[in-house]
Amino acid sequence: MPLLPRLASYLHPERMVPVLVLWLAVCLTETWAVDRGNFKTCDQSAFCKRQRALKPGESPYRALLETMELTNTRLTLQLINDNNKVRLLLELYRLQGNITRVKINELKPLKPRYEVPDVLIREPPTEPLSLLSQDENGVVLSLGSESQRVIISARPFRLDIMEGSDVLMSLNSRGLLTFEHLRMRKDTFSYKVTSTVASVWDNIKRVFSSQADPEAEKKEEADPANQAETTKDEEEKVEDGMWEETFKSHSDSKPNGPSAISLDFSLPGVEHVYGIPEHADTLRLKTTENGDPYRLYNLDVFQYELYNPMALYGAVPVMLAHNTQRTTGIFWLNAAETWVDISSNTAGKTVFGKMLDYVQGSSETPQTDVRWISESGIIDVFLMLGPTPKDVFSQYASLTGTQSFPPLASLGYHQCRWNYNDQEDVQSVDAGFDQHDIPYDFIWLDIEHTDGKRYFTWDPHKFATPKEMLQGLMDKKRKLVAIVDPHIKVDSNYKIHNEIRSKGFYIKNKDGGDYEGWCWPGSASYPDFFRADMRAWWASMFAYDQYEGSMENMYTWNDMNEPSVFNGPEVTMHKDTVHGAWEHRDVHNLYGFYVQMATAEGLIQRSGGVERPFVLTRAFFAGSQRYGAVWTGDNAAEWDHLKISIPMCLSLGLVGISFCGADVGGFFKSPSTELLVRWYQMGAYQPFFRAHAHLDTPRREPWLFGPENTALIREAVRQRYTLLPYWYQQFYHAHRTGEPIMRPLWVEYPQDPATFAVDDEFLIGRDLLVHPVTEEGARGVTAYLPGKDEVWFDVHTFQKHNGAQNLYIPVTMSSIPVFQRGGSIIPRKVRVRRSSTCMEHDPYTLYVALNLQRTAEGELYIDDGHTFNYEKKEFIHRRLSFAKNILSSVNLAPDAQFTTRSWIERVVILGASKPSKVTLKTADGQDSQLEFDFDASMSVLTLRKPGMNAGADWTVMLQ
Amino acid sequence: MRHVTACFRKRKHGEFKCLSRSFKQVLAGFYETGRREFTVLDSDMRFQVIVAAVFWSGFVESRKVRGISSSYKRFYKERKSFLCIDGSKIIPFEQVNDDYCDCEDGSDEPGTSACPRGRFYCTNLGFRPHYIPSSRVNDGICDCCDASDEYNSPAHCQNTCWNLGQKERAYVEGQMRTLDEGLRLKQQLIEEGVLLWREKQAQLRELQQVAEDLQIKLEEHRRRKHEAERLKEQTLKALEAGDSGKGRILMRSCCNPYSITVDEVKTKVVLVHDEERLLSEDEALGLLGGGHQIDLTKFRRTLWDVLTRGDSVKVRSISLHFQHPPRCFFAAEWEATNLKKVEEAYETVNMEISDLRKKLAIDYGTDWEFLFLNSQCYKLKVYEYIYTLCPFNQVTQKNTAGTEVSLGTWGMWAGMPKNQYSQMVYENGEPCWQGGSRTTTVTLTCGTETALRSVKEPSKCQYIMDFQTPVACQPVLKQRGIHSEL
């Protein structure tokens, strides 16, 4: 929900004349698409400009080998910048699970530099390091048992990670390591004069801000009084933007001066890199030489543009690199504004060019070079060395945790709109779903439900009896999500505000007062979620007796938590605001992470730790997967936005955040009926399935587009519900392993280069391949079915297709091309009811798709669907396998205990041959014959009503 | 009912083998068959018949298949096999309601949730029977008021049909009363409407008469004015003739005593040395100082003086004679004023006529029953806004600060073809910020009072109003009401 249209539409006309004028001004210049001028380019971000100006190959850093200390688990070594003699401390750790951690900080910083807390789930356990050899040029260390070594070269400093004779990754190989040490500000002219005059001077400077002030510069250089003890910066230039920076009308005072860090990584043999969400761009990251680097800085971008590297709402500084041999990852643990440059020696080459190189044998090894630049903090980087994609996922999960295991209901369909106007509206939409026999689990309330944008309250007229409303939903086993944003209305009659203010929990401005910005409620302050005591207090506000009108079927949505500040620089918070000892500059990208963390904690606490929370967030950071779901923010009702939802969610999944979705239908603008239907068909196969719409768009509940389209949407939603057992099992798996749920093809087919850049189709788990229709008026799609030894079954027609081919699939409006992998078993519940909770005890149908070896495997996971009791081993987890004409269910978790009423009502075996008889053997040793039906045209064998309990041991023999 | 429930509880998922006939079901069956025949009777009488049927039914033996209406019983006669109703498949009869879907059309599982396209019949004795989707059978939510859909679920459903039936009956009775009263009022309003229509027609005729009279008057006044002008001209000529020796340049007449135009200058002013030649346009314009018309006084005071002084135009010794205008001049003025007045009156009347015609051109229903709404406005306060509906005119919204916004002006009737008078549309209200303009759709419902009942804005700038009025009552609704309710 971005600034302008929302603002314009919620304020009353007479109160918003100035805003309207502003809006008109904006609107007239650009009616649609992001106003790029609101957001910085690298050139407008002083540190990025400064860093990017550095040329490779001139590294001033030298490793002081004599300072090396090696304990069992940790190597330390000093680096020196030969230009200014500032010393850095390098720490190197070998972490369990094939991860190497490299930390670089100033040896003696003037004051501490920010190290990101709370993102790592624990201090990562280390493994022994050992010295292999050492001379005056460098050191060679062994990285554990695998034949991996680290070579530290002294001059210039450089770090190479080798396996055998292959270089996996090199650090500072291009010499772009920089570490702007903290320094005292030299006496400048503006320092000497009184503060009043200084501010006047500042203003004057601002007027002429395009050039550095030469006089001040000279004075600074000339003044000997203020040298930091270890620095000798005769050669250092004070550049513009080091001590103050202005963007548009916003001035950023920089009391700590320049503090940027940067490091380059070379990835030999790599042509494909992924990750570093959030960007509205292709799955495969592009080289950035001809434009801006990819930017990571959580921002509320109004009407974001597609296919560019601009920052969006969230930031996960994790990049994956992949080739047919190996997958690796780089996790750059830094919460400040960050830019990532990518270059490649093959980027410019055509396929023909590459072929020519190959034929001539003259090719240099392909290589991708990456450079990370952050505004402050330290270098703390985790090199995840794979070698398989799944190893990287597990390595990253070992650092930041896995996807939280959500309540089953949250995998159903969510109906949202800004706004459902009042209780009656909610009730009638709810009734509409029943009337049109479309299932849904959650209805959502956006900001208008509150009393004047005071979160934790209700509009006294429109939502006078929220518990009645919630009870009405509960009676239908449905739930509600109400929005709670982190900006708090400054209003002395508002309890939440008064408490936060009196406890001193607000973020402070640079002068020590409570920071105030402009957001939905008007003037608002922002709780300091970086304080654990603030988070605890916030969590306590979700208690049923604190949050009036809340009930156990009400969950929470955290929006605007970048944080969005309408009148702030780049629509966010001033970087010089203060969080205790730290500046906002140091911590910015973590704000949304903490908001969601505290909210999720509140939902857990209110149930006494029993119930799983559900919290949706717009802003996120590494580790946000532990607290709930994210969505791709304020997209638009356009076909390209439908398409981009695939790479956007795939990129998030690669960095651990699996519970991802895009607003179905598009947030801004009004979708054509065709687009809306196609979006439902897409959304039904993405992890988080929520329709949402802007306040100014016409209604678009699924039944408003004629019976035919209602039927198409109903069918898409029903397909989602039949697959809920599979989705739930995928989430359980993701929760256990950190593997993405919605995953790119290359994750499962890492040796097939044809999959490396595919982002118009995706896999759900291993076994379902989805190629949604994303073209207007499409008559067909061409799907790539991967795997030369695979077969794929169309889940609707059961037609079998071979793998490793591009398959043209004719489509109609009802088509959602989905394929089940031969060799898999997928459980479904085909009795679709009005909500997932209503389906709890329903029987399962098993879809067994045979591969070329006539085998198949799958799992079945069942628990109560909403509590943490699964952590106490209260679940059923079974392996289903088919081999040698025997289908069997065996317990994967013998120590777990759970009983279910669900049974197996049907087994559908795809690619089967006709048996003469089918025998079921249950755990009590009893045999019984099963009726079956065989469709010879499609080779589909259907076993009628085997009837065994879903938690039991059994075998079915085909004879 | 207790034995029936007990019987249900015995079943496991699947095999429903309750052979004992249920009181309720038989009763339901009779109710169902009775339904079609009794529809013409009033509700009280029907109830008596139903009760009679219930007692009588105790002697009839038949097996009941769960979830079907009696009209479907013929498909479920107990035989060895069952033919799916769509004819697609034959299955053993044991597989009917065995909690596994065999028939594509779901007809083998009317009483379970097994078939995706199935439906379950709620008998709902005492209330309305109806179908629910099979997916609502045993889903833990009470859908049938007789609780028959939750026969194997943890939900504790009460039989609420009797209460609902009573409520429904009370409601229907209330509706009936409203309808009766509404129709009575409507009749009055129709009569009033007819009168009002006639009145308006009379008003129109009256106005038309007035207009005709005015036209006659107008012609008379025009004639008189013309006469007066002619007289004035004569007088002027006479004046000029009597003063011929002095004037070198002649102002031949003065039709308009207050100003002088280019044309006048061209035709009435001649040069002394060449009286035959008329002034050219440019010359005349020059004489007037560039304008096409000039105030006479000003002309005399400025330009004329300049001209006579001869320093800008070389015309020598010219003069113009003006005297105090003679009486005939005043008469002409007087007539002109009178004419103007009459013209204005005529215009006003014509405007009124056109207004009235426009109003009368609106469709006020077959019997002009909506005519009385024409000059009325109805208000409703919803949260912080006051909405005003002035039928056939406009809809507005006023906030607490007093700012009024148009939500549309009268557009058209927009109901379904069956009853186009059930909905009005008001369009082209204040523009919305994202384009388009505010529109309001007014749904008319039957009630004994005429009032605005609700206003909603489901989407931005799209308002819907519920407007209650007796004239929306439809006799056809009354009949349908009786037939469908009970």
Could you check, for the stretch B:164-172, whether at least one of its residues is within 12 Å of another protein chain (Cβ to nearest Cβ), surrounded by 16 or more Cβ atoms within 10 Å (Cβ to Cβ) and over 19 Å from A:Arg718 (Cβ atoms)? no
Of those in the stretch A:24-50 that are out of contact with any Cys (no Cβ under 9 Å at 6 or more places or on another chain) and surrounded by 18 or more Cβ atoms within 10 Å (Cβ to Cβ), the residue modelled with the lowest pLDDT is A:Val34
Kindly check whether there is at least one residue in the stretch A:445-462 that is among the aliphatic types (A, V, I, L, M), facing chain B (nearest Cβ under 10 Å) and either under 24 Å from A:Lys669 (Cα atoms) or in contact with a Phe, Trp or Tyr (Cβ under 8 Å, 6 or more places away or on another chain) (or both). no
Taking helices (runs of 4 or more DSSP H) that fall entirely within the stretch A:668-772, which contain at least 2 residues that are away from every other protein chain (no Cβ under 14 Å), free of Cβ contacts under 8 Å to residues at least 40 places away in the same chain and within 29 Å of A:Arg417 (Cβ to Cβ)? A:673-683, A:706-722
Taking the residues in the stretch A:149-171 that are part of a loop (DSSP other than H, G, I, E, B) and among the small types (Gly, Ala, Ser) as candidates, determine which candidate is surrounded by the fewest Cβ atoms within 10 Å (Cβ to Cβ). A:Ser165
Among the residues of the stretch A:416-424, is there at least one that is within 27 Å of the chain's Cα centre (by Cα), crowded, with 21+ Cβ neighbours inside 10 Å and more than 14 Å from chain B (Cβ to nearest Cβ)? yes
A:Thr400 modelled with pLDDT of 95 or more and under 30 Å from A:Pro109 (Cβ atoms): yes
Name the single residue that is farthest from B:Phe370 (Cα to Cα) among those in the stretch B:424-440 being more than 12 Å from chain A (Cβ to nearest Cβ) and surrounded by fewer than 18 Cβ atoms within 10 Å (Cβ to Cβ). B:Ser437
In the stretch B:105-130, what residues are more than 10 Å from chain A (Cβ to nearest Cβ) and more than 19 Å from B:Lys73 (Cβ to Cβ)? B:Arg117, B:Gly126, B:Phe127, B:Arg128
Report whether or not B:Gly365 is away from chain A (no Cβ under 14 Å), without any contact (Cβ under 8 Å) to a residue 60 or more places away in the chain and not in a helix (DSSP H, G or I). no
Residue identified as of a type outside the set (A, V, I, L, M, F, W, C), part of a loop (DSSP other than H, G, I, E, B), surrounded by 24 or more Cβ atoms within 10 Å (Cβ to Cβ) and not assigned by the TED database to the domain that holds B:Gly447 among B:Ser107, B:Ser153, B:Ser135: B:Ser107
List pairs: first in the stretch B:189-209 and touching a residue at least 12 places away in the same chain (Cβ under 8 Å) and at negative phi, second exposed (fewer than 15 other Cβ atoms within 10 Å of the Cβ) and not hydroxyl-bearing (Ser, Thr, Tyr), Cβ under 8 Å, 6+ apart or cross-chain? B:Leu204/B:Arg357
Collect the residues in the stretch B:353-381 that are over 21 Å from B:Leu444 (Cβ atoms) and buried (at least 16 other Cβ atoms within 10 Å of the Cβ), keeping them in residue-number order. B:Ile353, B:Leu356
On the given criteria, is A:Gly666 crowded, with 21+ Cβ neighbours inside 10 Å, at pLDDT 95 or above and more than 22 Å from B:Pro458 (Cα to Cα)? no
Qualifying strands (runs of 3 or more DSSP E) (wholly inside the stretch A:45-148; at least 2 residues being closer than 25 Å to A:Thr402 by Cα, of a type in the set (Gly, Ala, Ser) and within 33 Å of the chain's Cα centre (by Cα)): none
Out of the residues in the stretch A:899-921 meeting the condition of being within 45 Å of the chain's Cα centre (by Cα) and surrounded by fewer than 17 Cβ atoms within 10 Å (Cβ to Cβ), tell me which one is farthest from A:Asn869 (Cα to Cα). A:Ser913
So, in the stretch A:255-295, how many residues would count as being basic (Lys, Arg) and surrounded by fewer than 22 Cβ atoms within 10 Å (Cβ to Cβ)? 2
Can we say A:Leu64 is among the aliphatic types (A, V, I, L, M), surrounded by fewer than 18 Cβ atoms within 10 Å (Cβ to Cβ), within 28 Å of A:Gly138 (Cα to Cα) and modelled with pLDDT of 95 or more? yes
In the stretch A:933-941, is there at least one residue being within 14 Å of chain B (Cβ to nearest Cβ) and assigned to a strand (DSSP E or B)? yes
Can you tell me which residues in the stretch B:380-420 are within 14 Å of chain A (Cβ to nearest Cβ), assigned to a strand (DSSP E or B) and of a type in the set (Phe, Trp, Tyr)? B:Tyr385
Subset of the stretch A:901-934 [touching a residue at least 24 places away in the same chain (Cβ under 8 Å) and closer than 17 Å to A:Val830 by Cβ]: A:Arg901, A:Ser902, A:Trp903, A:Ile904, A:Glu905, A:Arg906, A:Val907, A:Val908, A:Ile909, A:Leu910
Which members of the stretch B:446-462 meet the condition of being crowded, with 17+ Cβ neighbours inside 10 Å, in contact with a strand residue (DSSP E or B) (Cβ under 6 Å, 6 or more places away or on another chain) and away from chain A (no Cβ under 12 Å)? B:Gly447, B:Thr450, B:Leu452
Look at A:Leu131 and say whether it is among the hydrophobic types (A, V, I, L, M, F, W, C), closer than 21 Å to A:Pro56 by Cα and out of contact with any Pro (no Cβ under 6 Å at 6 or more places or on another chain). no
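The values are calculated or read from the model by the stated rules, or taken from the named source; none is laboratory data. Only a predicted model underlies this, so the values are computations on that prediction, with no experimental measurement involved. Cβ sites come from the backbone with ideal geometry, for glycine too, and all protein chains shown count toward neighbours.
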